[in-house]
1. Just give me the residues in region 208-244 being open to solvent by 20 Å² or more (accessible area, probe 1.4 Å) and among the small types (Gly, Ala, Ser), in sequence order.
2. Cβ-Cβ below 9 Å, separation at least six or inter-chain, first residue in region 289-307 and over 19 Å from ILE428 (Cβ atoms), second charged (D, E, K, R) and not in a helix (DSSP H, G or I): which pairs?
3. Looking at region 528-545, is at least one residue surrounded by fewer than 17 Cβ atoms within 10 Å (Cβ to Cβ), within 27 Å of TYR403 (Cα to Cα), of a type outside the set (A, V, I, L, M) and more than 16 Å from the ligand (Cβ to nearest atom)?
4. Suppose the filter is in a loop (DSSP other than H, G, I, E, B) and either more than 15 Å from the ligand (Cβ to nearest atom) or modelled with pLDDT under 95 (or both); does GLY424 pass it?
5. Quick one: is GLY440 out of contact with any His (no Cβ under 7 Å at 6 or more places or on another chain), of a type outside the set (A, V, I, L, M) and away from the ligand (no atom under 13 Å from the Cβ)?
6. Which one of the conditions (1) within 16 Å of the ligand (Cβ to nearest atom); (2) surrounded by fewer than 23 Cβ atoms within 10 Å (Cβ to Cβ); (3) not hydroxyl-bearing (Ser, Thr, Tyr) does GLY456 fail to meet, given that it meets all the rest?
7. Does region 476-490 contain at least one residue that is more than 22 Å from the chain's Cα centre (by Cα), part of a loop (DSSP other than H, G, I, E, B) and away from the ligand (no atom under 12 Å from the Cβ)?
Amino acid sequence: MKDASETLESLLKEKRSFSPPKLFSAAAHVPDLKSYQALHTKALKNPDAFWAEQAKALHWFHPWEKTLVWDAPNAKWFTKGKLNVSYNCLDRHLKTQPHKTAILWEGEPGEVRKLSYQDLYTEVATFAACLQTLGLKKADRVILYMPMIPELAIAMLACSRIGLIHSVIFGGFSAQAIRDRVEDSKAKLIITADGGYRRGKIVELKRNVDQAIQNTSSVEHVIVYQRTKHEIPFHPKKDFWWHELTAKNKNLADALPLDSEDPLFILYTSGTTGKPKGILHTTAGYLLQAHVSTKWVFDLKDDDIYWCTADIGWITGHTYIVYGPLSNGATTLMYEGAPNHPHPGRFWEIIDRHKVSIFYTSPTALRAFIQWGEKIPHEYALSTLRLLGTVGEPINPETWMWYYSVIGKEKCPIVDTWWQTETGSIMISPLPGATPLKPGSATLPLPGIDAEVVDGKGNPVPPNTGGFLVIRNPWPSMLRTIYNDHDRYSEHYWKKFPGMYWTGDEARRDEEGYFWILGRADDVIKVSGHRLGTSEIESSVVSHPSVAECAVVGIPHKIKGECIVAFATLKQGHVPSPEMAQTLINHVAKEIGTIARPEEIRLVPRLPKTRSGKIMRRLLRKIAAKEEIVGDTTTLEDPSIIEELSKSMA
Ligand code: WT7
C-alpha cells in the first residue's frame, strides 16, 4: 500500500454466494453473467453508441442530434431532442393497455384505489389544464407537499406534462424546511392537502404550508387536495380546492414537446450542514435511465405487481415509484402509511392482499422487522414474491440473510442497489437473472456505468483495498447542477478527483470486481493510523444473534488518535447488560480482529435516524464524545432521542 492515509483497511470476509434461480434466469431480460459482461464492455467502449441505442426505448417528438456534449463537469445529453416525460409514462400506453392498473393505492386507514392507465392519463391531463389556467408557465417552480396518495404522482406528471419544474418536499418535514425550499426555488405554486394520515394521526400539511409562506413573496397560489376533511384555514384569494378546480375544467392539456435538457425537477437533500442542496435533474437523460434501470434491475414482466415502499419525497420514490415503473407500463403499488400501523405485519398483509411480486425496501425497515421478530412475517404466505430489493444504506450480511430466508423463502434474488439522489437512478446493482449474489455487496455496475475505487490520487486500488468510490464517465441521469449554486456543484462533486464524479462514499472491490460499500467518507474512523469504514464493523456486531441494529463512531483517544464506540439495539427478548456488551466486544475482536475492537458498546433502545431512515452517526459521535449537540437536528426523525441517548451515556 502506497499511502495508508488514502486507503481503507478491509476487514470483512463474507464468503457466501447465491446463484440466480434457473427459472428466473431463463425468463430474465439479461439471462446470465456473460450477457451482462458483454453489454457492459460494449457500453464502456462506446458509451455514446450504447446510450443512443437505449434511447430508442423512449418516445421522441423530435430526434436528438448529439448523444452527449461533455464539457466537464457540464453535460448535455441528447441535444436538441424533444420529448415529454408524462407522454412517455401515460399517452403512449393508451393504445396498448388502457385498462391495465397503473397505480394501485392503499391508504393507511385501509381504502384501496386502482387507477388504470386511462384513468391516470385523464386525471393528469385535466390537472395540467387547471395549472395552465392559473397562468403557470414553462420552467416555473411548483412545490408539492403531500401525503402518499395518487394525487402526488398526478401532480408530478401534470407538471412534467407542461414543463413546470416540480420540487417534492417529504410530508414529514416542518414549516421551516418548506420555507427554506420556497426561498431557494422561488416557487409560484404549492400543491398540498388538508392533511395526511400517519400512524392513525393527522399530519397538518396545510397548516404547515401557511406557516411556511408567511412573509415570503414568490408563492401566488396554494392548491389543496381534500384528504382528511378536517378543519383547516382556507384563504379564498390565494387557495383553491383541488376538487373544485378540476370539476370546473373540461380541457385535457397536451403533452408539450420539451427539450432534452429542460429541467424536470429539483429535489432538495438536507446534507449534514446548513443549507439544503437543490439537486437538479433534466428531462431526457433522467427518464431514459429511470426507464432502463427499472427494466434491468427489477426485471419487469407484464403481470408483475411492483411495490417500492419509499416515500415519493425521496429520489427513490421519484424514480422507482413514479417515473421508472410508469414509463415501463407497470403496475406500481403505493402505500400511504407506516409499516407498523395498525399492526407490525401491515407490509406483509399488503403483499398478500395485492399479490405483490417485486418488493423494494430499505435496510432500516428490515432491521425494524428483525427487531419485532420473525413470528410476524411467518403469519403471512408471501408466496407471490419473486424478487426483493434494498436501497439507502449498506445492508449487513446478516440482515441480507434474514431478508433472503424469512421474506424471500430462499427463492427470491435480492437486488442491493447502490445509488444517490445525485445519480438519479441505480448505478451499482445485481441484475437478478444474471449476477451471483454475495450478501452485503451491491455487486457490479450497471451497463454503461464506469464505477471505480481509487486512492487519494485517483488511481484504482488493488482488490480488497478500500478507497474512494468514483464514477469515471458521465451518465444520462446524473444531476446537472445544484440549483442556484453551480460553483458548489463543481466543487463538491468534481474537484477532488479531476474529471471524475466523487460520490462521498468509500468502498472496496473484491477479487471478482464486486463492490462492497464501506460507508460515508465523513464517517471513517482512524484507529492507530488505520482507516476503518463504519459498515464492516457494524456488520460484525450485527452478526451476533442477539443484535438487531448497530452504528459505530470514532471519538478522540489519547493514544490511538481515535477509538471505536458502538451503539447497538437488541432483538426482542434479549436484555441489555454489561455482560452482553462485553460479549459483543469480544465477538467483534474475534470476528474481524483486535484493530476493530470497540472501546465500548452501548446497548440502547433505538438509534437516531434521519427522516429517510439513515443512521445519524454525526450525532452519535457527539453523544459518545460528550460534546454539546449543535448544528442542524431538524432532519432527525424524532428529536426526543437526543435526550434519551445522552441519558444512556451517563
Ligand atoms: C447514499 C445516497 C439512492 C436512494 C436513497 C438514498 C447510501 C444508498 C446504498 C446501498 C450502501 C447505500 C450511500 C449513498 N446508499 N444505497 N445499496 N449500499 N449504501 O439516496 O439520500 O441521496 O443517499 O446512501 O452512502 O451515497 P441519498
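The values are calculated or read from the model by the stated rules, or taken from the named source; none is laboratory data. This one's a predicted model, so the numbers in the text were calculated from it and none came from an experiment. Cβ: placed from backbone, ideal geometry, glycine included. Neighbour counts: every protein chain shown. In case anyone asks, the SASA skips ligands and DNA or RNA and just uses the protein heavy atoms, side chains included. Shrake-Rupley method; radii C 1.70, N 1.55, O 1.52, S 1.80 Å.
1. Those that are open to solvent by 20 Å² or more (accessible area, probe 1.4 Å) and among the small types (Gly, Ala, Ser): SER217, SER218.
2. Close Cβ pairs (under 9 Å, with a partner that is charged (D, E, K, R) and not in a helix (DSSP H, G or I)) amount to LYS301/ARG386; ASP302/LYS100; ASP304/ARG386; ILE305/LYS355.
3. The answer is yes; a qualifying residue exists.
4. Values: in a loop (DSSP other than H, G, I, E, B): yes; either more than 15 Å from the ligand (Cβ to nearest atom) or modelled with pLDDT under 95 (or both): no.
No.
5. Values: out of contact with any His (no Cβ under 7 Å at 6 or more places or on another chain): yes; of a type outside the set (A, V, I, L, M): yes; away from the ligand (no atom under 13 Å from the Cβ): no.
The answer is no for GLY440.
6. GLY456 satisfies all of (1) within 16 Å of the ligand (Cβ to nearest atom); (2) surrounded by fewer than 23 Cβ atoms within 10 Å (Cβ to Cβ); (3) not hydroxyl-bearing (Ser, Thr, Tyr) except (1).
7. The answer is yes, given that some residue of region 476-490 is more than 22 Å from the chain's Cα centre (by Cα), part of a loop (DSSP other than H, G, I, E, B) and away from the ligand (no atom under 12 Å from the Cβ).
Each row is one residue, and each column tells you yes or no for (1) more than 31 Å from the chain's Cα centre (by Cα); (2) open to solvent by 60 Å² or more (accessible area, probe 1.4 Å); (3) under 21 Å from GLY172 (Cβ atoms); (4) more than 16 Å from the ligand (Cβ to nearest atom).
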site: GLU562; (1), (2), (3), (4): yes, no, no, yes
site: VAL575; (1), (2), (3), (4): yes, yes, no, yes
site: GLY613; (1), (2), (3), (4): no, no, yes, no
site: THR635; (1), (2), (3), (4): no, no, yes, no
